[in-house]
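Read the structure below first, then the notes.
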Amino acid sequence: MSFNIAFFASHNGSNMQAIIDACKSGRLKSIPVLVISNNSKSGAIERAVNEGIPSFHISSATHQNDEDRNEYIISLLKHYNVNLVVLAGYMKKIDNSIIDFMNGMVLNIHPALLPKYGGENMYGMNVHKAVIEAGESESGATVHFVNSNYDEGKILKQSRVIIEKSDTPEILANKVLATEHQLYVDVISLLEHGSV
């Protein structure tokens with residue numbers, strides 16, 4: 001099957017771009033139909049504009065009330081017939097009403113090998129610093145379904161990278177990001193083929 005994908009992104013959206021490129025090249029059958037960002041100046045919105053994908057800035061600046069904000073997001077998911085939400089560096093917790101509306105078809109990518117180094121405040125450079133400080137020999141990325149708890153949904157696939165003694169959190173971040181793009185595309189391909 002193919003999916004109508006909505007991306008939720010807060011910053012640069014490089015994972016989003018990798019998936020869009022895979023859709024354009026025919027590697028994925030799915031169609032990117034919507035981009036939502038809580039940051040009006042995000043690179044993700046810029047990418048959406050460049051790709052001709054409808055994009056919306058939705059945050060406390062546009063909707064002060066959480067319930068109104070979630071209802072508006074759901075109305076957009078309905079309008080664009082979205083059947084897969086992909087979180088691509090989205091810095092807000094997804095409300096249960098959205099997860100329920102999507103029947104759990106919400107994916108996230110986490111820059112570590114879950115269940116290690118997950119949970120609230122474990123994002124971005126915080127994760128890589130914690131991994132390096134713990135003296136781990138490897139790290140990687142994890143794609144998982146989203147549930148009501150941070151980073152606790154069913155794990156679908158992981159990629160691994162070796163940590164060298166000389167690696168800084170910044171070097172590790174770049175290594176992990178390089179595998180994330182491929183991993184996210186692989187997981188969506190598996191979902192398209194009903195292999196998950």
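Here LYS24 fulfils each of the conditions (1) in a helix (DSSP H, G or I); (2) in contact (Cβ under 8 Å) with a residue 40 or more places away in the chain; (3) over 14 Å from MET91 (Cβ atoms) apart from (2).
Quick check on the range 42-51. Is at least one of its residues small (Gly, Ala, Ser), free of Cβ contacts under 8 Å to residues at least 24 places away in the same chain and in a loop (DSSP other than H, G, I, E, B)? No, the range 42-51 contains no residue that is small (Gly, Ala, Ser), free of Cβ contacts under 8 Å to residues at least 24 places away in the same chain and in a loop (DSSP other than H, G, I, E, B). When the residues of the range 22-51 are filtered to those that are surrounded by 14 or more Cβ atoms within 10 Å (Cβ to Cβ) and among the polar types (S, T, N, Q), the one that is nearest to ILE5 (Cα to Cα) is SER30.
Criterion first (in contact (Cβ under 8 Å) with a residue 12 or more places away in the chain, charged (D, E, K, R) and in contact with a helix residue (DSSP H, G or I) (Cβ under 6 Å, 6 or more places away or on another chain)) does LYS157 satisfy it?
On the way: in contact (Cβ under 8 Å) with a residue 12 or more places away in the chain: yes; charged (D, E, K, R): yes; in contact with a helix residue (DSSP H, G or I) (Cβ under 6 Å, 6 or more places away or on another chain): yes.
Judged against the criteria, LYS157 is a match.
Take the residues of the range 59-114 that are of a type in the set (Ser, Thr, Tyr) and part of a helix (DSSP H, G or I): which is surrounded by the fewest Cβ atoms within 10 Å (Cβ to Cβ)?
Of the range 59-114, the ones of a type in the set (Ser, Thr, Tyr) are 59-60, 62, 72, 75, 80, 90, 97.
Filter once more, keeping what is part of a helix (DSSP H, G or I): 72, 75, 97.
On the way: TYR72: 15, SER75: 10, SER97: 14.
Only one residue tops the list, namely SER75.
For the range 52-100, residues that are in contact with a strand residue (DSSP E or B) (Cβ under 7 Å, 6 or more places away or on another chain) and more than 15 Å from PHE8 (Cβ to Cβ) total 1. Quick one: in the range 122-152, which of the residues that are in a strand (DSSP E or B) and not β-branched (Val, Ile, Thr) is farthest from LYS165 (Cα to Cα)? Residue satisfying both the conditions and the ranking: PHE145.
Restricting GLU138, GLU170, GLU180, GLU152 to those that are outside the structural domain of ILE45 (by TED's automatic domain parsing), closer than 26 Å to PHE56 by Cβ and touching a residue at least 24 places away in the same chain (Cβ under 8 Å) reduces the list to GLU180. Could you tell me whether the range 30-39 includes any residue that is in a loop (DSSP other than H, G, I, E, B) and of a type in the set (A, V, I, L, M)? The answer is no; no qualifying residue exists.
Which ones in the range 122-137 are under 22 Å from SER14 (Cβ atoms) and either touching a His at 6+ places or on another chain (Cβ under 7 Å) or not hydrophobic (A, V, I, L, M, F, W, C) (or both)? Across the range 122-137, the qualifying residues are TYR123, GLY124, ASN126, HIS128, LYS129. Within the span defined as the range 97-112, one or more residues are farther than 21 Å from VAL35 by Cα and touching a residue at least 12 places away in the same chain (Cβ under 8 Å).
The values are calculated or read from the model by the stated rules, or taken from the named source; none is laboratory data. Note that this is a predicted model, so its numbers are computed, not measured. Here Cβ is always computed from backbone atoms with ideal geometry, including for glycine, and neighbour counts include all displayed protein chains.
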